Amino acid sequence: MKKIFFYLSLCLMAGGMRAQNPIVSHCYTADPAPVAFEGEDSLYVYCDEDMNVPGVHDFYYMNRWRVYSTVDMVNWTDHGIAMPREAFSWGKDGTCWASQCIKKGQYYYWYMCLSKPGDWRHYIGVGYSKKPSGPFKDPIKKPLFDTGEGGDIDPTVFIDDDGKAYLYWGNNKLRYARLTSVMMGVDTRIGKNGVVEVPLTKEAFGGVKVKEGDKEVIDGVDCYEEGPWLFKRGDNYYLMYSAGGVPEHISYSMSKSPTGPWEYKGKVMSQDNNTGSFTNHSGMVHYQGKDYFFYHTGWAKGGGGFNRSMAVEEMYFNADGTIKPVTATRKGVKALRAMDPYVRQQAETLNAAYGISVVGDESKGVYVTDIHANDSMRVANVDFGTEGARSFTVRVASTGGNGSLIVRQDNARGRILGKFKIEKTGGDDIWEERTFDLTQTPSGVHDVYFSFSGVDSNTLFNWDWWQFNAVPSAVEHVEASPRSDSSFFYTLQGTPVENPTRGVYIKNGRKILVK
Ligand code: FUB
């Protein structure tokens, strides 16, 4: 089986079509909640982290929430641990489940669910930040409400055009509340202490769960399970949800109002999709003129039902507003634009990565660590332009100075652009910028593949950011108008050039940049 996957990946790469799913491969990320905030260039995805260690945990072990962003849909920036479980003083170890974030005014509100110590039930809490990537804090220091019944998981949040904010949630029960204007409490004037129970009828969700002896069966064609996702398109309201018991699929219902009545419409991602996870959990977003459907799979290396990974597909609607079925693919979605290697790129902006970890948060700084020999990282769709790159700058920190960074064009077997020894900087938290000349000049659009060599019991080095440069590491002189004495110019390889164009040359034994 492994061989088949390897062969398939090679075929995809050879066709210039690397597999995009899962979208994050250096840790396990579940329950994706995408959002395109107004006025922001990036698309954000909020998620929880599966941290199940087989043989140690026999259920979900999830102790933090993470945030990712992208501008091109193929390279994802890891913003680190945007909210650890410890940020909720009332939170229980290992119980950080699904979430969704929304912006109101200048602030970001992230609704998530977790348990309390000594209590099996989940509660919904809210995180708050002035930045989309956090870090988030718990402003109210308690759950938003207590239904006293359990099943209070998987919050989805939505603000309607009239400014009213709704929270839906629930496992095997579907509930909603209206959020107060400050977004940190529920309007207790409706429902039972502010909580309204939605009847799980056949009309609304395709079927109902009924007891048949000691078994639970579905009376109907489908049924609501958990993971609601509320959104509006035109004048239609949609509720997508995980459905049908396990293995879960994704279904949806529509309404003309955010509070129903809901009408069952069918499956969005059926159980015929072999996602390798017994749960599924969806979110949708409109970004850069396209609709995207996010879900999770067990597809990452070592993944499965308790170690899931986010994935994305394009999503299409019919003229009457109904949703066209979505197929889970390894291929995923196309890049929206090329990556610019001549501006600083965070090392934690990745298309794929194996072995490394991304740590920190946006207040302390986020960086790549746990780098060992044979680990690798890839960025996709990098546009070097026609002139190409001559040198490469990194910001790194290293205690041992025992590691090297190998930069290749395209993939693990691609042309080596340079192999650079990362000398010690004086400590894992002592950062220095280093610039290296490339041994080859990449031009055009390519993936860039980073791998590592060296020996260290800890991490070879920590890596903050990188940037390619159009000039070699040491340009001694910049010449704006070279043509008057063009006979003195030589290429870096020593060929004389009579009429140099823009680029780097040798003149009188000095490296110069001709503009
Ligand atoms: O991630 C833990 C739970 O699994 C979520 O809250 C559910 O939606 C399911 O995905």
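The values are calculated or read from the model by the stated rules, or taken from the named source; none is laboratory data. Everything numeric in this text was worked out from a predicted model, so none of it was measured. A quick note on method: Cβ atoms are made from the backbone with ideal geometry, for glycine too, and the neighbour counts reach across all protein chains shown. When the accessible area is computed, the model is the full protein with side chains, heavy atoms only, and any ligands, DNA or RNA have been set aside. Shrake-Rupley method; radii C 1.70, N 1.55, O 1.52, S 1.80 Å.
Checked against (1) at pLDDT 95 or above; (2) more than 16 Å from the ligand (Cβ to nearest atom); (3) not charged (D, E, K, R), G213 meets all criteria but (1). Could you please find all residues in segment 227-247 being of a type in the set (G, A, S) and either touching a residue at least 60 places away in the same chain (Cβ under 8 Å) or open to solvent by less than 20 Å² (accessible area, probe 1.4 Å) (or both)? Residues satisfying the conditions are G227, G234, S242, A243, G245.
For segment 276-320, the set of residues classified as in contact with a Phe, Trp or Tyr (Cβ under 6 Å, 6 or more places away or on another chain), more than 16 Å from the ligand (Cβ to nearest atom) and assigned to a loop (DSSP other than H, G, I, E, B) consists of M315 only.
Among the numbered criteria (1) more than 15 Å from the ligand (Cβ to nearest atom); (2) within 20 Å of the chain's Cα centre (by Cα); (3) open to solvent by 10 Å² or more (accessible area, probe 1.4 Å), which one does W97 miss? Among (1) more than 15 Å from the ligand (Cβ to nearest atom); (2) within 20 Å of the chain's Cα centre (by Cα); (3) open to solvent by 10 Å² or more (accessible area, probe 1.4 Å), W97 violates only (1). Only a single item in (1) open to solvent by less than 10 Å² (accessible area, probe 1.4 Å); (2) within 16 Å of the ligand (Cβ to nearest atom) is not met by M183, and it is number (2). Residue check: I102 meets all listed conditions (1) β-branched (V, I, T); (2) in contact (Cβ under 8 Å) with a residue 60 or more places away in the chain; (3) open to solvent by less than 20 Å² (accessible area, probe 1.4 Å) but one, namely (3). In segment 292-350, of all residues being open to solvent by 20 Å² or more (accessible area, probe 1.4 Å) and among the hydroxyl-bearing types (S, T, Y), the one that is modelled with the lowest pLDDT corresponds to Y342. Of everything in segment 54-66 that's among the hydrophobic types (A, V, I, L, M, F, W, C) and within 16 Å of the ligand (Cβ to nearest atom), which residue is farthest from A30 (Cα to Cα)? By that ranking, first place goes to F59. Considering segment 252-262, and only residues there that are open to solvent by less than 20 Å² (accessible area, probe 1.4 Å) and among the small types (G, A, S), the residue that is nearest to the ligand (Cβ to nearest atom) turns out to be S253.
Taking the criterion of being within 16 Å of the ligand (Cβ to nearest atom) and open to solvent by 30 Å² or more (accessible area, probe 1.4 Å), would at least one residue in segment 151-167 satisfy it? No; the residues of segment 151-167 include none that is within 16 Å of the ligand (Cβ to nearest atom) and open to solvent by 30 Å² or more (accessible area, probe 1.4 Å). What about G365, is it open to solvent by 10 Å² or more (accessible area, probe 1.4 Å) and farther than 24 Å from C27 by Cβ? Criteria not met by G365. Whenever a residue of segment 51-71 is over 20 Å from C113 (Cβ atoms), its partners that are open to solvent by less than 50 Å² (accessible area, probe 1.4 Å) and aliphatic (A, V, I, L, M), lying with C-beta atoms within less than 9 angstrom and at least six residues away or across chains, give the pairs S69/L43; S69/V45; T70/I23; T70/L43; T70/V45; V71/L43; V71/M339.
Return yes or no: is A328 part of a loop (DSSP other than H, G, I, E, B), within 16 Å of the ligand (Cβ to nearest atom), under 18 Å from the mean Cα position of the chain (by Cα) and not assigned by TED's automatic domain parsing to the domain that holds K137? Spelling it out, A328 is indeed part of a loop (DSSP other than H, G, I, E, B), within 16 Å of the ligand (Cβ to nearest atom), under 18 Å from the mean Cα position of the chain (by Cα) and not assigned by TED's automatic domain parsing to the domain that holds K137.
Within segment 413-426, the set of residues being assigned to a loop (DSSP other than H, G, I, E, B), open to solvent by 50 Å² or more (accessible area, probe 1.4 Å) and out of contact with any Pro (no Cβ under 8 Å at 6 or more places or on another chain) comprises R413, E423, K424, G426.
Looking at this structure, is G245 at pLDDT below 95 and assigned to a loop (DSSP other than H, G, I, E, B)? It is true that G245 is at pLDDT below 95 and assigned to a loop (DSSP other than H, G, I, E, B). Test Y123 against the criterion of being assigned by TED's automatic domain parsing to the domain that holds R233, outside any loop (DSSP other than H, G, I, E, B) and open to solvent by less than 10 Å² (accessible area, probe 1.4 Å), and give yes or no. Yes, satisfied. When K265 is tested against (1) over 22 Å from the mean Cα position of the chain (by Cα); (2) in contact (Cβ under 8 Å) with a residue 40 or more places away in the chain; (3) within 16 Å of the ligand (Cβ to nearest atom), just one condition goes unmet, and that condition is (3).
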